[in-house]
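These notes are about the structure you will find just below.
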Amino acid sequence: MRIRAAVALLAVAALAGCSADSSPMPIAKPFTTTLGPSPATTERPAPPKCDPRASLAPAGALPPPGKMPAGSYMETIQKRGRLVLGTSQDTLLFSSRNPFNGQIEGFDVDMGRQIAQAIFGDPGKIQIKVIGYDKRVSSAADGSVDIVADTMTANCERWVDVDFSTIYYEAGQKVLVSKNSTAKTIEDLGGKRICSVQGSTSFDRIATVKAKPVAVARAAFGDCLVAFQRNEVDAITTDDTILAGMAVQDPYAKVIGDKISEEPYAMAMSNEHPEFTRFVNAVLERNRADGTWKKTYEKWLSALGPAPTPPKAKYR
Amino acid sequence: MALATRPGVLRRVGGLRHTSPGRLQLFIATLLALGVLAGVFAGFTGSSAGSGTSDLGNRAQPLLVEAETVYTALADADTTAAQAFLAGGLEPSALTRRYDDDLRRAATALTSAARRTSQTGEAADAVRALSSGIAEYSALVATARANNRQGLPVGASFLSEASRLNRDTLQPQARQLFEEAQREVDDGYGRAGSVGWVALLMLSLLALLITLVAAQVYLSRRTQRTFNVPLLAATGVALVFTIAAMSILFTQQARLDSTANRGTGPMASIAAARILALQARGDEALTLAGRAGSGPYEQDFDTVSERLLMPRGPMDNAYEDLDPQLGATMNRALSGFQSYVEAHGEVRALDEGGNYEGAVKLAIGAETTKTFESVRTELDRAMENRKTFFTEEIDDAGDGLGLLTVGGPVLAVIICVLAFLGLRARLEEYR
């Protein structure tokens, strides 16, 4: 009798444990669905006025790879033997998992690899950590990754917590709808369900649309595309870059309207070691000048049209 | 009229005890009534305990096994899908086969479970929700595969949607079904025990024996004959009846206790071990698939493996007391799981050290897979061992209950006839 009673209790406890511990995925991000007007981010006081595009100026010439200045954060990375890059794995063209070989690749990943190249002389000395969209600021701020390159818009609110590099891509928010939709802009989608990702600037902007569409939050943009293909949402809104990656995967989708916002992409780092930000800006400066940026664009983003001139660096 | 008659009848019956023939008539009536009662109770006890026992063996316990199958098959499907994702490129055919097999097992077990649950109630709700949920789940995975086949990253997102459905909705429903089945097994033991009927039967037999003895004592005092042969025979038959009923029922209770303590109990424990082991393996794959370093799944792995390795837990328990062979099987499962936890430690060290590819290779590689599969094989074997034990014991527990159902009333009729014959002969003397 003893075994039976003990065991029954245990089984129940064990099984109860299973569900309590389980959370969504395989792509480890918290999952939430909210309906109704998107939550405006009013918990924090308005950030101080700033120019989000202006970053820290490079300090002189780049040190040669493998010889990072003593005491700098680059030296810490060099000693560790790899650069830890925070990004996503489902944003086709920018950072997505290649299903054929399991590698994460794209424009953003190459941005990170170019930093690794500058530190080690080897673009492969990089560890990719997938982070949730709503963890991009905190992961950079608390040092759990060295640098975040994840279609991340530089804005004043985020500048409070992290340092951004200079802008490496100028994106803008657009809307993706199905091929047979008659909508011309996001304002034609009143009452429709629009998906975006919690923690992204585009999600917050749905609440400002006058036609009052219904905002639906997902953990990642891949999940938005799944919801779109399962007819759970009528549209997806985010940066034109990300939408282009989705349209490539779904011939029944189209991207409509003009850019309804400016989304200047920059890499985010902790603001505790500004020398690293200056170093990253120096790398970007060099790559703009020597055609590396253009080559990277042509490698990944030719679907968006011919390569524009790279965004100009602005410094404080 | 009825009101006027009843006190009259009572008074007449009450008046009987003042005369000798009256007392004899009272004895006849009491003995016949008690005999009929004992027969009826024996019939009810036998059929109630018999149907309870067979319900336990043929419905409640199989339902528990099926609920566990649904649960483990779903957990395994999730793990397999995540491992196939990790492998990259086309799914390895071994994983595809296992995944298909998992879904088939879940669907088959669910169909049988549906037959064994009543139309309404929590178990039925869980079965219905699981049926439609599994259909949706397999559709999602099929879409993920189709996309993966075309090299579209959205396939991975479909897979994560499927995994969410599995972990957050289907597995909790399977757990609910499992818990419901456990409750039904507990109730089943109660019904198979039929304590109420057994008590009534024993009381009526005791009263019958006492009345028979009292009737004989009365007769031997009132008449010259010390023994009344038919009454003596009736007493003998009643004694045989009582002893036979007691031995049949005690044997059944002992067998039920043994199936509960040595069958159902260990089975629940082995089931928990199997589910937890699969959960740990799934946590590992999901941590790697998430590619975000150690997170909530890794914490879950620690909790789960700690629970599994705990002394007197689901894996490390006094199984050898039940059956030396079972003990050996469970010891092999335990040491297999320990080596798997070691391999997992290496996987985590590689991943944390920045060698993601190496971590994936080790986690889904042949060696770690073999280690884990050995745990699973041993647990399956342990489960079969207890299932066989349960089936044998529950069959034996039902033995004799049919005899009680039929033989009890027959013996009761014989007792009644003998008692009536014995007392009527004395009553005749007063006419």
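The values are calculated or read from the model by the stated rules, or taken from the named source; none is laboratory data. Computed from a predicted structure; not experimentally measured. Positions of Cβ are backbone-derived with ideal geometry, glycine not excepted, and every protein chain shown enters the neighbour counts.
So the values come out like this:
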read-out: Total residues in segment B:303-358, condition in contact (Cβ under 8 Å) with a residue 60 or more places away in the chain, within 11 Å of another protein chain (Cβ to nearest Cβ) and within 30 Å of A:S144 (Cβ to Cβ); value: 2
read-out: Which listed residue, of B:G52, B:G89, B:G22, B:G8, is surrounded by fewer than 24 Cβ atoms within 10 Å (Cβ to Cβ) and closer than 30 Å to B:A412 by Cα; value: B:G22
read-out: Criterion: under 30 Å from B:L24 (Cβ atoms), of a type outside the set (D, E, K, R) and modelled with pLDDT under 90 - qualifying residue of B:T235, B:T223; value: B:T223
read-out: Output for segment B:108-127, where each listed residue is surrounded by fewer than 14 Cβ atoms within 10 Å (Cβ to Cβ) and out of contact with any helix residue (DSSP H, G or I) (no Cβ under 7 Å at 6 or more places or on another chain); value: B:T111, B:R115, B:Q119, B:T120, B:G121
read-out: A:V226 being within 14 Å of another protein chain (Cβ to nearest Cβ) and under 20 Å from the mean Cα position of the chain (by Cα); value: yes
read-out: Boolean, A:I128 is among the aliphatic types (A, V, I, L, M) and at pLDDT below 95; value: yes
read-out: Residue tally, condition at pLDDT 85 or above, surrounded by fewer than 24 Cβ atoms within 10 Å (Cβ to Cβ), more than 8 Å from chain A (Cβ to nearest Cβ) and more than 19 Å from A:F228 (Cα to Cα), over segment B:134-169; value: 3
read-out: Number of positions in segment A:64-113 that are more than 9 Å from every other protein chain (Cβ to nearest Cβ) and part of a loop (DSSP other than H, G, I, E, B); value: 13
read-out: Unmet criterion (only one of (1) in contact with a strand residue (DSSP E or B) (Cβ under 6 Å, 6 or more places away or on another chain); (2) over 30 Å from A:P48 (Cα atoms)) for A:A171; value: (2)
read-out: Qualifying residues in segment A:244-276 (those that are touching a helix residue (DSSP H, G or I) at 6+ places or on another chain (Cβ under 7 Å) and assigned to a loop (DSSP other than H, G, I, E, B)) - the one nearest to A:N180 (Cα to Cα); value: A:D250
read-out: Scan of segment A:102-116 for residues that are surrounded by 22 or more Cβ atoms within 10 Å (Cβ to Cβ) and among the small types (G, A, S), ordered by number; value: A:G106, A:G112, A:A116
read-out: Test: A:N231 is at positive phi, modelled with pLDDT under 95 and polar (S, T, N, Q); value: yes
read-out: Output for segment A:277-303, where each listed residue is outside any helix (DSSP H, G or I) and touching a residue at least 60 places away in the same chain (Cβ under 8 Å); value: A:L301
read-out: Condition check for A:D134: among the charged types (D, E, K, R) and at pLDDT below 90; value: yes
read-out: Odd one out for B:E179, checked against (1) in contact with a Gly (Cβ under 9 Å, 6 or more places away or on another chain); (2) within 14 Å of chain A (Cβ to nearest Cβ); value: (1)
read-out: Search result, residues across segment A:231-244 that are in contact with a strand residue (DSSP E or B) (Cβ under 6 Å, 6 or more places away or on another chain) and either touching a residue at least 60 places away in the same chain (Cβ under 8 Å) or of a type in the set (A, V, I, L, M, F, W, C) (or both); value: A:V233, A:A235, A:I236, A:T237, A:T238, A:D239, A:D240, A:T241, A:I242, A:L243
read-out: Selection status of A:P306, part of a loop (DSSP other than H, G, I, E, B) and over 23 Å from B:G151 (Cβ atoms); value: yes
read-out: Restricting segment B:204-222 to residues that are free of Cβ contacts under 8 Å to residues at least 40 places away in the same chain and not aliphatic (A, V, I, L, M), the residue that is surrounded by the most Cβ atoms within 10 Å (Cβ to Cβ); value: B:Q216
read-out: Matching strands (runs of 3 or more DSSP E) fully within segment A:129-234 where at least 1 residues are out of contact with any Asp or Glu (no Cβ under 9 Å at 6 or more places or on another chain) and under 30 Å from A:A57 (Cα atoms); value: A:162-164
read-out: Residue selected from segment B:288-302 under the condition within 7 Å of another protein chain (Cβ to nearest Cβ) and touching a residue at least 24 places away in the same chain (Cβ under 8 Å), by the criterion farthest from B:G354 (Cα to Cα); value: B:A289
read-out: Counted residues, segment A:89-107 - those being on the phi > 0 side of the Ramachandran plot and hydrophobic (A, V, I, L, M, F, W, C); value: 1
read-out: Residues satisfying the stated conditions in segment A:234-267, i.e. crowded, with 24+ Cβ neighbours inside 10 Å and over 18 Å from B:G151 (Cα atoms); value: A:A235, A:I236, A:T237, A:T238, A:D239, A:T241, A:E263, A:Y265, A:A266, A:M267
read-out: Subset of segment B:70-94 [of a type outside the set (G, A, S) and either outside any helix (DSSP H, G or I) or without any contact (Cβ under 8 Å) to a residue 60 or more places away in the chain (or both)]; value: B:T80, B:L90, B:E91, B:P92
read-out: Residue satisfying condition, being hydroxyl-bearing (S, T, Y), away from chain B (no Cβ under 14 Å) and in a helix (DSSP H, G or I), within set A:T237, A:T241; value: A:T241
read-out: Boolean, B:G196 is of a type in the set (G, A, S), free of Cβ contacts under 8 Å to residues at least 40 places away in the same chain, within 9 Å of chain A (Cβ to nearest Cβ) and surrounded by fewer than 19 Cβ atoms within 10 Å (Cβ to Cβ); value: no
read-out: Odd one out for B:R59 among (1) closer than 30 Å to B:S194 by Cβ; (2) crowded, with 20+ Cβ neighbours inside 10 Å; (3) not polar (S, T, N, Q); value: (2)
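Quick grid of which residues meet (1) among the polar types (S, T, N, Q); (2) outside any loop (DSSP other than H, G, I, E, B); (3) under 29 Å from B:A162 (Cβ atoms):
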{"site": "B:Q253", "(1), (2), (3)": "yes, yes, no"}
{"site": "B:R262", "(1), (2), (3)": "no, yes, no"}
{"site": "B:Q279", "(1), (2), (3)": "yes, yes, yes"}
{"site": "B:E284", "(1), (2), (3)": "no, yes, yes"}
{"site": "B:A289", "(1), (2), (3)": "no, yes, yes"}
